[in-house]
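Undergrad: Quick one: the structure is below, and I'll ask about it shortly.
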Amino acid sequence: MKFAACIFNGKAGDLSLRNLRTLESDAAVICRINGPVVKARGAAGFRMHETVLVGTKKLIGEVISLENDTATIQVYEVTTGLYVGEPVISTGKPLSVKLAPGIIGNIFDGIERPLKSIEKNSGPFILRGVDAEFPESDVRWHVHITAKPGDKVSGGMVVAETQETPLIVHKIMVPPGIEGVVSEVMPDGDYSAYDTLMKISLANGNNYDLKMLQEWPVRKPRPSMEKLAITEPLITGQRVIDTFFPIAKGGTAAIPGGFGTGKTMTQHQLAKWSDADIIVYVGCGERGNEMTEVLRDFPKLTDPKSGRPLMERTILIANTSDMPVAAREASIYTGVTLAEYYRDMGYNIALMADSTSRWAEALREISGRLEEMPAEEGFPAYLSSRLSEFYERAGKVRTLGNSTGSITIIGAVSPQGGDFSEPVTQNTRRFVRCFWGLDRQLAYSRHYPAIHWLSSYSEYLETLEKWYENNVDNQFMSYRSQLLKILNEEDKLIEIVKLIGGDILPDDQKLILETGRAIRFGFLQQGAFHPVDTYVPLKKQFLMMEVILYLHNKVFELVRNGIPISRIKELGLFEEIIRIKYTFRNDEPERFEELKKTIDEKLSTLI
Amino acid sequence: MSIEYLDLKNISGPLLVVKGVSEASFEELVEITVDEQGTRLGRIMDISDDVAVIQVFEGTSDISLKNARVRPLGRPLELPLSSEILGRVFDGLGRPIDGLGSVFPEMKRDVNGNPINPVSRKYPKDYIETGISAIDVLTTLIRGQKLPIFSGSGLPHNELAVQIVRQAKLPRQEDSEFAIVFAAMGVKHDVAEYFRESFRQSGVLQKVVMFLNLANDPPVERIVTPRCALTAAEYLAFELGMHILVILTDMSAYCEALREISSSKGEIPSRKGFPGYMYSDLASIYERAGMIEGRTGSITQIPILTMPNDDITHPIPDLTGYITEGQIVLDRDLHQRGVYPPISVLPSLSRLMKDSIGEKYTREDHASCASQLFASYAKVHEVRALASVIGEDELSEIDKLYMEFGRAFENEFLSQGKNEDRPLEYTLDLGWKLLGILPREELDRVDDKILDKYFKPRGGVHV
């Protein structure tokens, strides 16, 4: 602080050189450079949150505060080599994303520059000031225009469409805020994103040229008619999530966990198998190789619903930990804005943010460079309001075009030291309704997914109960709570076993330990790399629960009638139950009935 | 070019504040002449109007507000590079200190490097056989991976690193060349000497590039040392197509230097006084490992860090673990019981092994064997906790078997000689042999098919 003050005091000096440069253009000039934060003088005309071009290399930046005629700018590229006195040019536009077909299947950096064109222009390393065009002007889309001359249109209405990928029809909408009558339409045909598709005469007499390419500022949520009540689960094929802690379409969830507990693995599993129409995967300040892995795997994996490659429904945003920190801050907003755009077409979107802690740390880093007064652990005081704004962009809505769409947000949290009491985890907890706590001890014993059944919760249970009853089985929720009850009892018994050993427990409690173990290994643990177990449909999840409880209840009867549990264990039934996740394919429900018969037969030998 | 500035305003810790600077850029290299004799290097880390804050690599002692001249050099800190750097020794700023004169450069590179485009990365999947059982089977090292060793003071991390260097080989023989880049940050002279001597003994000294910032060298220099090393590594890997193993020791000293500079700048600290940007800063080092599509070379990083007070939740190991692709954790308790290498298996992890082991790469049972060893050894810990309360005699029969398995695992599987080079097949068979102590029903992580083929119960002592 002392030094910063001293720097500010030394403002007066020889300004001749800078004055000379200022005369060359009307732009503001850089007067301070401190990492990703740059200050520019002569910026009285700048607006808050507008995009500016910094320096002769035209690095992209955003105005984050204004004081007198000095603007503070966060720069989305590396500032090494920038001189004091270089110009800063205003663009007049807030930081925006470009919305056009071609987003799906693509991979962008934090401010929506396509990484493939960056590679084309600057090679394998990302250099400063590199150009990257999106959308590409030479790509043409076959557009079917649905609006006719004379139609009254308003913001959000679908007026044309094009097949973006075999899975997704891209609906071209009138931008929010535009209202008028279609005066002229082009015929169906191949157009680039920059071509005019139709003209709309506005109430004020002007004409609006509607193109596929539209823009939207990332920090402003796209409008919708109304938020709707949540009714359906997002089915993920992961047993511990679908059965124990389900998330709804339009809901919010957090996955906190220390390093090595499997946050990214869980996020990848959800991105692969959840039944959303479109996945937006934001790799925010994480490892480069993880994004490479997604790029390598997703085109090869097929969507269980449609049988098409997963990449055809996936949007990737990669701002890895070595990429500039300010763009990391923006990447989350870029992701959610793209999600909202597709939501407005009537799709269900799942947005994975991995990891929101890196985003919060980017906030902290920028805030520290601005010398703002820190709150907890150096994080800025506005951390919690930023988090709530972000998670509030999730939800199920009636769109302006009168269809329904939803955004589900699943944020990974990387608590420092794996300690859930740190500010990001605590603040996130307030704004999400599903909490999948990853446990280090489980991860150490390679129990994956390491979502701990006792520390996790879902507030959507009641809302979704009806759905499960109508669509899977009316016993679903009852079975779930029976399993959870056994796990709870097991946990208490394990505490006792830790003190006195398991041998002296009565047989009915030993049974709880056996069943608990069967649930943990046979149900909760799920093999992400196993071809059968990586995705399990709800029906099989239900049957697995049923057969576990069937065995439990049968054995309970026997134990009550005095048959020692050690003899029952010798039958190997519990081991068999643990293995059904691998041995029973997902499309073999009849084998569960056979298994029940085997259980009956084997147990009857003891009576 | 050679404008010099004399108007020093302030000196504090490693930082120098100069006024009247008109032609200098952010992170530009400056030369400071003190007392008209001897120059030092520094870097501009904050510049506003005409006031520049300079971080002096060699420290600020003897500099007064009157006796120094500051000259911006018009470029960031660059490292001269050519294939001649192999076998050479440099200081922490990349200047030769082996008396063999300066390097005739084919090119110069900014030591800060540039981020690798995730699209251009090649996903690493060639496994490196180290001949160390605990690493090969349980935390497999992959070419292009960054796999740190989390250690504590007094633990044999240097020996382990040397053993990895000596024994590392690819199962598939290729013609491509390998080399080692070694960066020492704040380590003792004898530690650096130990590494040098070990490289010499294994006959690879001509393939080693060393960057030494020793314990008595200025701490600020340490900020640059790993970056110099990685710039050299990138050149060798991606320009010359070599496979590079980078050893960075000790990252804790690096982080402490970062903290020192941050606090003299008066920045707002986050946990334990470390700066809020330490994650990004460490990432800019660790992420410079990997492979690039279309280039032959690779950079594999083994950073070594000593956990203060053996605490894995301390910010240094914590932030490192969030960036690196796994970690090898050393354990004091095992060390004291004479187990070498004292690798604490449960918290150790290799994130890249999942795609690089198994039928096509190592052996079909690798994943199952590893997963079962992890699970059974985790259970050993539970049983031991119980035994410490009720005594081993009171344990159930199964639990006694677990105790036995635990001992055998530590003494036969983990323990090995400092020069012992075990083939992977041998280690896998050893794993199955030890799992044979347990009854088959206890092996719940393994498919029946694999069990039928590999599981061999120990001579009929089933309970």
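Undergrad: Looking at B:G20, B:G74, B:G59, which one is part of a loop (DSSP other than H, G, I, E, B) and facing chain A (nearest Cβ under 8 Å)?
TA: Details: B:G74 fails: facing chain A (nearest Cβ under 8 Å); B:G59 fails: facing chain A (nearest Cβ under 8 Å).
After applying the criteria, what remains is B:G20.
Undergrad: Anything in region A:554-566 that is open to solvent by 60 Å² or more (accessible area, probe 1.4 Å), outside any loop (DSSP other than H, G, I, E, B) and away from every other protein chain (no Cβ under 14 Å)? List them, or say none.
TA: Passing the criteria: A:K554, A:F556, A:E557, A:R560.
Undergrad: With away from every other protein chain (no Cβ under 14 Å) and either more than 19 Å from B:L79 (Cβ to Cβ) or touching a strand residue (DSSP E or B) at 6+ places or on another chain (Cβ under 7 Å) (or both) as the only criterion, which of B:M251, B:M307 stands out?
TA: B:M251 is the lone residue from the list that is away from every other protein chain (no Cβ under 14 Å) and either more than 19 Å from B:L79 (Cβ to Cβ) or touching a strand residue (DSSP E or B) at 6+ places or on another chain (Cβ under 7 Å) (or both).
Undergrad: Return the total of residues in region A:482-503 being surrounded by fewer than 13 Cβ atoms within 10 Å (Cβ to Cβ) and either of a type in the set (A, V, I, L, M, F, W, C) or away from chain B (no Cβ under 14 Å) (or both).
TA: 3
Undergrad: Quick check, is A:I145 within 14 Å of chain B (Cβ to nearest Cβ), more than 24 Å from the chain's Cα centre (by Cα) and of a type in the set (A, V, I, L, M, F, W, C)? Break it down stepwise before answering.
TA: Working: within 14 Å of chain B (Cβ to nearest Cβ): no; more than 24 Å from the chain's Cα centre (by Cα): yes; of a type in the set (A, V, I, L, M, F, W, C): yes.
Here the answer is no, as A:I145 does not meet what is asked.
Undergrad: Here is a follow-up. Can B:G94 be described as away from chain A (no Cβ under 14 Å), on the phi > 0 side of the Ramachandran plot, open to solvent by less than 20 Å² (accessible area, probe 1.4 Å) and modelled with pLDDT of 90 or more? First the steps, then the outcome.
TA: Numbers: away from chain A (no Cβ under 14 Å): yes; on the phi > 0 side of the Ramachandran plot: yes; open to solvent by less than 20 Å² (accessible area, probe 1.4 Å): yes; modelled with pLDDT of 90 or more: yes.
Here the answer is yes, as B:G94 does meet what is asked.
Undergrad: So, of the residues in region B:199-223 that are open to solvent by 10 Å² or more (accessible area, probe 1.4 Å), outside any helix (DSSP H, G or I) and out of contact with any helix residue (DSSP H, G or I) (no Cβ under 6 Å at 6 or more places or on another chain), which turns out to be nearest to B:D281 (Cα to Cα)?
TA: The qualifying residue nearest to B:D281 (Cα to Cα) is B:P218.
Undergrad: To continue, here is another question. Looking only at region A:516-537, how many residues end up being aromatic (F, W, Y), touching a residue at least 60 places away in the same chain (Cβ under 8 Å) and in a loop (DSSP other than H, G, I, E, B)?
TA: Counting residues in region A:516-537 that are aromatic (F, W, Y), touching a residue at least 60 places away in the same chain (Cβ under 8 Å) and in a loop (DSSP other than H, G, I, E, B) gives 1.
Undergrad: Being of a type in the set (V, I, T) and in a loop (DSSP other than H, G, I, E, B) is the filter; apply it to region A:172-205 and report the residue that is most open to solvent (accessible area, probe 1.4 Å). First the steps, then the outcome.
TA: Here is the first cut: in region A:172-205, the residues of a type in the set (V, I, T) are A:172, A:174, A:178, A:181-182, A:185, A:196, A:200.
If we keep only those that are in a loop (DSSP other than H, G, I, E, B) as well, we get A:174, A:178.
Values: A:V174: 1, A:I178: 29 Å².
The extreme case among them is A:I178.
Undergrad: Find all pairs meeting these conditions: Cβ atoms under 6 angstrom apart; at least six residues apart or on different chains; first residue within region A:102-114 and more than 15 Å from A:G288 (Cβ to Cβ); second residue aromatic (F, W, Y).
TA: A:I111/A:Y76; A:P114/A:F108; A:P114/A:F134
Undergrad: Considering region A:206-237 alone, what residues qualify as being open to solvent by less than 10 Å² (accessible area, probe 1.4 Å) and touching a helix residue (DSSP H, G or I) at 6+ places or on another chain (Cβ under 6 Å)? Spell out how you get there, then give the answer.
TA: Looking only at region A:206-237, we keep the residues that are open to solvent by less than 10 Å² (accessible area, probe 1.4 Å), and these are A:210, A:212, A:218, A:233-234, A:236-237.
Within region A:206-237, A:V218, A:P233, A:T236, A:G237 meet the criteria.
Okay, residues lined up against (1) part of a strand (DSSP E or B); (2) open to solvent by less than 40 Å² (accessible area, probe 1.4 Å); (3) over 18 Å from A:L127 (Cβ atoms):
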{"residue": "A:A44", "(1), (2), (3)": "no, no, yes"}
{"residue": "A:M48", "(1), (2), (3)": "no, no, yes"}
{"residue": "A:L53", "(1), (2), (3)": "yes, no, no"}
{"residue": "A:E77", "(1), (2), (3)": "no, yes, no"}
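Undergrad: Checking the structure you have, find out if any residue of region B:125-146 is open to solvent by 10 Å² or more (accessible area, probe 1.4 Å) and either without any contact (Cβ under 8 Å) to a residue 40 or more places away in the chain or part of a helix (DSSP H, G or I) (or both).
TA: No; the residues of region B:125-146 include none that is open to solvent by 10 Å² or more (accessible area, probe 1.4 Å) and either without any contact (Cβ under 8 Å) to a residue 40 or more places away in the chain or part of a helix (DSSP H, G or I) (or both).
Undergrad: Give me the helices (runs of 4 or more DSSP H) completely within region B:355-454, filtered to those with at least 2 residues that are within 14 Å of chain A (Cβ to nearest Cβ) and touching a Phe, Trp or Tyr at 6+ places or on another chain (Cβ under 6 Å), ordered by residue number. Write out each step before concluding.
TA: On the way: elements: B:366-390, B:397-408, B:424-435, B:448-454.
Once the helices (runs of 4 or more DSSP H) in region B:355-454 are filtered for at least 2 residues that are within 14 Å of chain A (Cβ to nearest Cβ) and touching a Phe, Trp or Tyr at 6+ places or on another chain (Cβ under 6 Å), what remains is B:366-390.
Undergrad: Just one of A:A318, A:A330, A:A326 is among the aliphatic types (A, V, I, L, M), part of a helix (DSSP H, G or I), touching a helix residue (DSSP H, G or I) at 6+ places or on another chain (Cβ under 8 Å) and touching a residue at least 60 places away in the same chain (Cβ under 8 Å); which is it?
TA: Details: A:A318 fails: part of a helix (DSSP H, G or I); A:A330 fails: touching a helix residue (DSSP H, G or I) at 6+ places or on another chain (Cβ under 8 Å).
Answer to the selection: A:A326.
Undergrad: Name the residues in region B:262-303 that are more than 9 Å from chain A (Cβ to nearest Cβ), open to solvent by less than 10 Å² (accessible area, probe 1.4 Å) and more than 30 Å from B:R143 (Cα to Cα), would you?
TA: Across region B:262-303, the qualifying residues are B:S262, B:F274.
Undergrad: Can you find a residue that is touching a strand residue (DSSP E or B) at 6+ places or on another chain (Cβ under 9 Å) and within 14 Å of another protein chain (Cβ to nearest Cβ) anywhere in region A:523-539?
TA: Keep residues of region A:523-539 that are touching a strand residue (DSSP E or B) at 6+ places or on another chain (Cβ under 9 Å), which gives A:524, A:538.
In the following step, the residues that additionally are within 14 Å of another protein chain (Cβ to nearest Cβ) were identified as A:524.
The answer is yes; a qualifying residue exists.
Undergrad: Quick one: in region B:23-50, which of the residues that are at positive phi and at the interface with chain A (Cβ under 7 Å from one of its Cβ atoms) is surrounded by the most Cβ atoms within 10 Å (Cβ to Cβ)? If you could, list the steps in order and put the result at the bottom.
TA: If we filter region B:23-50 for residues that are at positive phi, which is where we start, we get B:27, B:35-36, B:38, B:49.
With at the interface with chain A (Cβ under 7 Å from one of its Cβ atoms) added as a condition, the list becomes B:27, B:49.
Working: B:E27: 22, B:D49: 25.
So, considering only residues that are at positive phi and at the interface with chain A (Cβ under 7 Å from one of its Cβ atoms), the one surrounded by the most Cβ atoms within 10 Å (Cβ to Cβ) is B:D49.
Undergrad: Here are the criteria: (1) of a type in the set (D, E, K, R); (2) more than 26 Å from B:V389 (Cα to Cα); (3) more than 11 Å from every other protein chain (Cβ to nearest Cβ); (4) crowded, with 16+ Cβ neighbours inside 10 Å. Tell me which single one A:D507 does not satisfy.
TA: (2)
Undergrad: Here's another thing I want to ask about it. Looking at (1) within 27 Å of B:D318 (Cβ to Cβ); (2) of a type in the set (S, T, N, Q); (3) part of a helix (DSSP H, G or I), which one does A:T261 not meet, given that it meets all the others?
TA: Here A:T261 meets the rest and fails (3).
The values are calculated or read from the model by the stated rules, or taken from the named source; none is laboratory data. If you're wondering where the values come from, they're calculated on a predicted model, not measured in any experiment. Here Cβ is always computed from backbone atoms with ideal geometry, including for glycine, and neighbour counts include all displayed protein chains. Accessible surface is based on the protein model in full, side chains and every heavy atom, while ligands, DNA and RNA are left aside. Shrake-Rupley method; radii C 1.70, N 1.55, O 1.52, S 1.80 Å.
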